[in-house]
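Following: one structure in structure tokens, then a few remarks.
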Amino acid sequence: MLEGVDGAAVRVRQDRCAKVRNRNVECLRCAEACTSGCIALVDGRLAVDARKCVGCGTCATVCPTCALEARNPADAQLEQACLAARQGDEVAIACEQVRRALSGLLVEGRAAGVVCLGRVDESLVCALAVKGVRRVRLVCGECSRCAQKPGLDTARLVAAEANGLLAAWGSDARVLVTRDVPAFALADGVNTDTARRALDAYFAQERGNEPVNPDGPDHAASGSSDAFAVVRVMKDGTLPHFLPNRRERVLDSLAQLGEPQVDALASRLWGSVVIDGARCSSCRMCATFCPTGAIRKFDDEDGAFGVLHAPADCVKCGSCRDICPEGAIILRDEARTAFLTSGAAHRYAMAPRPVQLGNAQQIVNTMRERMKGTNIFER
């Protein structure tokens, strides 16, 4: 499905994609955030035209399972570039359009560069805060005239999320999305007004019809996506679990900042699963398809069984909600910070299933249960 995007700019791990694991999952965040039309929804299907990819990495920022990983630059490289460009307790990150517009006015090494500000994610911001950076300035140009203008929405989303997390953990570090280039990034004799006029002049000539990276990354494949990768089932009957590195880095950074100052927070990164016991049929399909193991099965010796849900491992992909045959799952944005820091889990005990699984009569008995009042016979 997404293999055409895999290359020097973006690494694709299809087995992690929620929609690859179950095509009924509604997640299409990569298509919604793609800045170039490389990943798009066409006639209800996910379509990939890798020739349009500019390597901005915005798709990786919004992907909840990190099935897409930015490599242009990679996370560690971008963090090092930010620290190398650090001036006092501030870091500036400029998009490709700004760097083009201010060619000769920006001091080399005073601002880290990305194709689009949608590349910046919360794990980078929190890591910089741990290292004493108090302000991260995301410098954008005239986004309404830029081919990558959807990336600004992602940058603003990440800034709001990161600022909320930092405030919740008592840090005064903040992210600012701005059009003003900080003075420390400009050459001698160039002030912020001069830089603004240069940006205005540049975008007055640009029509924003060409991608930021006209050569594009090393891709050739394109096409619609009806092909899905094969994901092997593990011995316990669930699909493989993993925890995205970015989510782990965010929690590690927050732990280094100290203890949370609030009891709960609403976040795009984590969520809380609520299961309606009156509607739940005890099938535990939610645990089968959960990509991170945030929902996992338990079977006690006394016969009690059900699932555990750990918000710290939940990436809010919606797989559990979308797969539930009874519509018994609600996915909430708010999570208790104590559960995030401790890794604690909610316990949902389930009622015995009316049909025993794993025997030759499972299908017939299920039909009898579903079609009450109808005679069904075996031959």
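The values are calculated or read from the model by the stated rules, or taken from the named source; none is laboratory data. Given the structure is predicted, the values throughout are model-derived calculations rather than measurements. Glycine also receives a Cβ, built like all others from the backbone with ideal geometry; neighbour counts cover every protein chain displayed. SASA here: full protein model, heavy atoms, side chains in, ligands and nucleic acids out. Shrake-Rupley method; radii C 1.70, N 1.55, O 1.52, S 1.80 Å.
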Exercise for the section: Answer yes or no as to whether Gly170 is modelled with pLDDT of 90 or more and assigned to a loop (DSSP other than H, G, I, E, B). Expected result: yes
Handout entry: Residue within segment 235-258 that is at pLDDT below 95, touching a Leu at 6+ places or on another chain (Cβ under 7 Å) and either assigned to a loop (DSSP other than H, G, I, E, B) or surrounded by fewer than 19 Cβ atoms within 10 Å (Cβ to Cβ) (or both) present
Key = no
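So for segment 318-335 (the condition being within 19 Å of Trp169 (Cβ to Cβ), in contact with a strand residue (DSSP E or B) (Cβ under 9 Å, 6 or more places away or on another chain), among the hydrophobic types (A, V, I, L, M, F, W, C) and surrounded by 15 or more Cβ atoms within 10 Å (Cβ to Cβ)), does at least one residue qualify?
yes
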Exercise for the section: Just one of (1) modelled with pLDDT of 90 or more; (2) open to solvent by less than 10 Å² (accessible area, probe 1.4 Å) trips up Pro73, so point out which. Expected result: (2)
Problem - Residue ID - nearest to Ala70 (Cα to Cα), chosen from residues in segment 1-20 that are crowded, with 17+ Cβ neighbours inside 10 Å and of a type in the set (Gly, Ala, Ser) - result: Ala9
Practice task
Scan the strands (runs of 3 or more DSSP E) fully inside segment 1-99 and keep the ones with 3 or more residues being more than 28 Å from Pro240 (Cβ to Cβ).
Solution key: 90-95
Problem - Scope segment 21-43; condition surrounded by fewer than 23 Cβ atoms within 10 Å (Cβ to Cβ) and more than 23 Å from Asp153 (Cα to Cα); matching residues - result: Asn22, Arg23, Asn24, Val25, Asp43
Practice task
For segment 175-192, indicate whether the set of residues that are surrounded by 15 or more Cβ atoms within 10 Å (Cβ to Cβ), closer than 30 Å to Leu251 by Cβ, among the polar types (S, T, N, Q) and modelled with pLDDT of 90 or more is non-empty.
Solution key: no
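Suppose the filter is within 17 Å of the chain's Cα centre (by Cα) and at negative phi; does Arg51 pass it? Spell out how you get there, then give the answer.
Values: within 17 Å of the chain's Cα centre (by Cα): no; at negative phi: yes.
Here the answer is no, as Arg51 does not meet what is asked.
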Practice task
State yes or no: is Gly109 open to solvent by 10 Å² or more (accessible area, probe 1.4 Å), assigned to a loop (DSSP other than H, G, I, E, B) and under 18 Å from Ala173 (Cα atoms)?
Solution key: no
Exercise for the section: Would you tally the residues in segment 121-139 being open to solvent by 10 Å² or more (accessible area, probe 1.4 Å) and assigned to a strand (DSSP E or B)? Expected result: 2
Practice task
Look through segment 281-295, keep the residues that are more than 20 Å from the chain's Cα centre (by Cα) and not in a helix (DSSP H, G or I), and return whichever of them is surrounded by the most Cβ atoms within 10 Å (Cβ to Cβ).
Solution key: Arg284
